[in-house]
Amino acid sequence: MSWAGFKKSVNRAGTTLLQKTGQIERTVDREFADEEAKYRIFEKECQALQKDSKAYWDAIKAMTAAQSRIAETLETFYGAADRSSDGAMAGHAYKRSVDDLDTTFSRELDVPFRTTISEPLGKMCAYYPVINEHIAKRNKKLLDYDSARSKLRKLIDKPSEDPTKLPKAQQEHDECKEMFDMLNDQLIAELPQLLDLRVPYFDPSFEAMIRMQAKFAEEGYEKLSGVQRYFADNVRDDYAAGQLDAQVEGILQEMRELSICGGN
């Protein structure tokens, strides 16, 4: 930071302190405050959307990976018992189905998600630091303007013996006001435009998210429903009738009766 920049920072810090103690009047622009408040909500929501969409996609990837590991274990488990059994065939079919689903996810959904959802969100969020710099610059110029206005009023109320001070103070006041008004008016005009563009900007991403979710669900149902045909008809009927819980409890009771499981 240059000496001039350091000096300005010190002067602005002093102005802020004097405003807190009521010695310098603080300019309050309600129109800008309203627009900034709306922008801050939009900024927060977009950043949350970026974070949550990534968490959602990471969870889908983690689920498909875990599903593949489960299928591999089940295939090994059933295959070790009897490779020709209905259970072994079902385990193999399940493994093939989840592998196909994982491949479909990686090949047909992962790249489209990045290009239609992740990247647009990232590009939108990348604008916020730039916008925030403009807001910060506007706030600094406001402090300069408030300080210059206070100096000018003091000289008007109590003229100095130096006749050059008032014209200099007036010039400083006018320059600070012009700079502040330019930045302030720009933000008041363009922040609402930014917010108005958010819906048409995110429309394609929202549609893409729905389409990808639907495709993933449809692919999962199509591939996994095919595994059911490897189960005996009575298993499907018992499941529909809610009788599988009783069967599982019966098997657990047989396990409890084994000495290695604590049975007598």
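Would you please list the contacts, defined by Cβ atoms under 6 Å and residues six or more apart or on different chains, that run from a residue in region 94-110 that is more than 13 Å from residue 220 (Cβ to Cβ) to a residue that is surrounded by 15 or more Cβ atoms within 10 Å (Cβ to Cβ)?
Partner pairs satisfying both residue conditions: 95/71; 95/75.
Right, residue 22: open to solvent by less than 90 Å² (accessible area, probe 1.4 Å), modelled with pLDDT under 60 and either among the aromatic types (Phe, Trp, Tyr) or in a helix (DSSP H, G or I) (or both) or not?
Values: open to solvent by less than 90 Å² (accessible area, probe 1.4 Å): yes; modelled with pLDDT under 60: yes; either among the aromatic types (Phe, Trp, Tyr) or in a helix (DSSP H, G or I) (or both): no.
Criteria not met by residue 22.
Checking residue 210 against (1) within 30 Å of residue 57 (Cβ to Cβ); (2) in contact (Cβ under 8 Å) with a residue 40 or more places away in the chain; (3) aliphatic (A, V, I, L, M), only one condition comes out false. Which one?
(2)
Given the structure, is residue 155 touching a residue at least 24 places away in the same chain (Cβ under 8 Å), part of a helix (DSSP H, G or I) and open to solvent by less than 40 Å² (accessible area, probe 1.4 Å)?
Details: touching a residue at least 24 places away in the same chain (Cβ under 8 Å): no; part of a helix (DSSP H, G or I): yes; open to solvent by less than 40 Å² (accessible area, probe 1.4 Å): yes.
No.
Testing residue 163 on (1) open to solvent by 90 Å² or more (accessible area, probe 1.4 Å); (2) modelled with pLDDT under 85; (3) part of a helix (DSSP H, G or I), one condition comes back false. Which one is that?
All conditions are met except number (3).
Of everything in region 46-78, what is among the charged types (D, E, K, R), surrounded by 14 or more Cβ atoms within 10 Å (Cβ to Cβ) and without any contact (Cβ under 8 Å) to a residue 40 or more places away in the chain? Give them in sequence order.
So the first thing to find is which residues in region 46-78 are among the charged types (D, E, K, R), and the list is 51-52, 54, 58, 61, 69, 72, 75.
Within this subset, residues satisfying the condition of being surrounded by 14 or more Cβ atoms within 10 Å (Cβ to Cβ) are 54, 61, 72, 75.
Those that are among the charged types (D, E, K, R), surrounded by 14 or more Cβ atoms within 10 Å (Cβ to Cβ) and without any contact (Cβ under 8 Å) to a residue 40 or more places away in the chain: 72, 75.
Of the residues 219, 175, only one is assigned to a helix (DSSP H, G or I) and open to solvent by 70 Å² or more (accessible area, probe 1.4 Å); which?
Working: 219 fails: open to solvent by 70 Å² or more (accessible area, probe 1.4 Å).
The conditions single out 175.
Counting only residues that are open to solvent by 40 Å² or more (accessible area, probe 1.4 Å) and of a type in the set (Val, Ile, Thr), which one in region 79-119 is modelled with the lowest pLDDT?
103
Exactly one condition in (1) modelled with pLDDT of 90 or more; (2) under 20 Å from residue 30 (Cβ atoms); (3) surrounded by 14 or more Cβ atoms within 10 Å (Cβ to Cβ) is false for residue 149; which is it?
Status for residue 149: all satisfied but (1).
The values are calculated or read from the model by the stated rules, or taken from the named source; none is laboratory data. All of these numbers come straight from a predicted model, not from anything done at the bench. Cβ sites come from the backbone with ideal geometry, for glycine too, and all protein chains shown count toward neighbours. Surface accessibility is based on the protein's heavy atoms, side chains included, excluding ligands, DNA and RNA. Shrake-Rupley method; radii C 1.70, N 1.55, O 1.52, S 1.80 Å.
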